[in-house]
Structures are given as C-alpha cells and as structure tokens.
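Heads up: the structure comes next, in structure tokens.
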C-alpha cells in the first residue's frame with residue numbers, strides 16, 4: 001500500500017514539474033517587473049539594467065505607416081545577428097509599453113510575426129540583445145486612426 | 001481556447017503559423033472592463049529542444065497570430081505548442097510537421 005502511495009506521489013510530482021517546465025529561467029521570467037513598467041525606458045532598465053542602445057541596422061522592425069485598427073497591427077521583428085540572446089518589443093504609447101519578449105534559441109530563425117494592440121500614434125521599438133550584452137534598437141512611428149487597447 | 005496551426009517543412013526549415021484562441025484581455029489598465037487575462041508564456045518544442053520562446057502580454061491582439069521558422073526539421077515529426085496565461089490556465093497541443 002505504502003509503495004503504491006509513494007509511486008502515486010511520484011507521478012503527481014512529475015506532473016507538477018512538467019507544468020513548471022514551460023517557465024524555464026530566462027531574463028524575462030526573472031524580471032516580470034519589466035512587463036508592468038509604465039514607460040519604455042523603465043521597462044528597459046527592469047529587463048536589461050540599462051537604457052543605452054545602439055541605433056543600427058542589426059535590429060529590424062516591419063510595421064505599417066498607418067494602422068486603421070489599433071487593435072490588430074501586424075508586426076515582424078528580426079535581427080541580422082547570428083547569436084543574439086533575446087528581443088523585446090516596446091510600444092511607447094501603451095499604458096504598459098513592454099508588449100512582448102522573445103528568448104532566442106539555437107536553430108530558430110530570429111524573425112517573428114504577430115499582431116499587436118496600439119492605443120495611440122507613437123513609436124514602436126525593437127530591442128535586440130547581442131551575445132555581448134549590448135542592446136541594438138530599431139524605431140518606427142505608427143499613426144493609429146482608431147486606438148485598440150480596450151478589452 | 002484552442003490552438004490551430006500549420007507547420008510546413010521545406011528542405012530542413014519548418015515554417016510554423018499559429019492561431020491561439022484567447023481573449024488577451026488587458027482589463028482596466030488598457031481601458032477595458034473586467035480582470036486581465038492574457039497569455040504570458042508561449043513555447044514550441046521540437047525533439048526536446050525549445051524552438052520558440054515568447055513572453056507575450058495583453059498588448060498582443062486577441063486570438064494571437066504567431067509566425068516563425070526553425071532549422072533542422074523533418075517532415076512527419078511533431079512539435080509541441082504550449083501556453084500559459086496570467087490566471088494559471090494553459091493548453092498543450094502536438095502538431096505534425098507537413
């Protein structure tokens with residue numbers, strides 16, 4: 001009986017471990033505060049400890065000039081760096097500017113597309129952290145006709 | 001909730017398009033009503049390694065669309081998509097590479 005109980009417990013522990021495995025350690029799981037920051041620079045400080053960025057062509061950001069529906073703005077983020085560590089997307093006009101972050105893994109092509117919500121006209125920034133911990137930035141202004149943060 | 005996906009392999013590169021059914025609600029912070037409910041971690045695994053590791057927020061549109069690609073893929077293999085949201089809810093689904 002006791003042995004069975006023990007095995008049952010083992011399975012329960014395994015299930016818990018499996019659930020936790022999705023939140024493996026990373027800069028973003030360790031700095032959840034960054035996602036609650038109220039300005040883009042505050043988010044940068046929380047996540048990376050600095051707001052020093054290099055404006056070069058290593059970070060690339062594809063967005064429309066004008067977004068008619070701020071509730072779904074298509075965006076593609078990418079980097080030409082081979083061994084970058086992570087990427088963060090900051091929407092300066094939003095109440096919580098850090099919109100999404102990606103940890104870059106081996107074999108994955110660092111080019112991702114998704115859709116974002118923008119409350120108002122403003123800058124969208126992509127931050128790429130390279131292998132040496134330096135930050136590269138791309139900035140693009142998007143005009144928003146109808147804001148889309150509600151809901 | 002629900003995960004829809006298309007994953008196609010060309011040579012050894014898999015291109016994955018995902019559509020996850022989720023409200024991605026920002027709650028009062030974004031000017032909405034009710035409590036926030038949004039995916040805050042989404043991963044895709046292939047053969048034991050993580051090939052996509054995203055930390056979204058409620059600034060990602062409702063029913064998130066995600067596109068990415070990874071190298072070293074083989075037709076017929078499967079990828080595992082898994083997400084968790086800020087309320088502790090989550091979902092996991094296997095998708096076959098075509």
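The values are calculated or read from the model by the stated rules, or taken from the named source; none is laboratory data. Not measured: the values here are computed from a predicted model. So basically every Cβ, Gly included, is an ideal-geometry build from the backbone, and we count neighbours across all protein chains shown.
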Restricting attention to the stretch A:11-21, does a residue exist that is more than 10 Å from chain B (Cβ to nearest Cβ) and modelled with pLDDT of 95 or more? no
Could you say whether any residue in the stretch A:69-77 is surrounded by fewer than 16 Cβ atoms within 10 Å (Cβ to Cβ) and in contact (Cβ under 8 Å) with a residue 60 or more places away in the chain? yes
(1) in contact with a strand residue (DSSP E or B) (Cβ under 8 Å, 6 or more places away or on another chain); (2) farther than 19 Å from residue A:106 by Cβ all hold for residue B:28 apart from (1)
For the stretch A:112-151, which residues satisfy the criterion of being surrounded by fewer than 18 Cβ atoms within 10 Å (Cβ to Cβ), in a strand (DSSP E or B) and more than 7 Å from chain B (Cβ to nearest Cβ)? A:122, A:123, A:139, A:140, A:141, A:143, A:145, A:146
So how many residues does the stretch B:41-76 have that are facing another protein chain (nearest Cβ under 7 Å) and on the phi > 0 side of the Ramachandran plot? 1
Can you tell me how many residues in the stretch A:97-111 are buried (at least 19 other Cβ atoms within 10 Å of the Cβ), at the interface with chain B (Cβ under 7 Å from one of its Cβ atoms) and modelled with pLDDT of 95 or more? 6
Name the pairs: first residue in the stretch A:26-48 and without any contact (Cβ under 8 Å) to a residue 12 or more places away in the chain, second residue part of a helix (DSSP H, G or I), Cβ to Cβ under 7 Å, at least 6 apart or on different chains? A:29/A:23
So which residues in the stretch B:16-35 are modelled with pLDDT of 95 or more, surrounded by fewer than 17 Cβ atoms within 10 Å (Cβ to Cβ) and facing chain A (nearest Cβ under 9 Å)? B:17
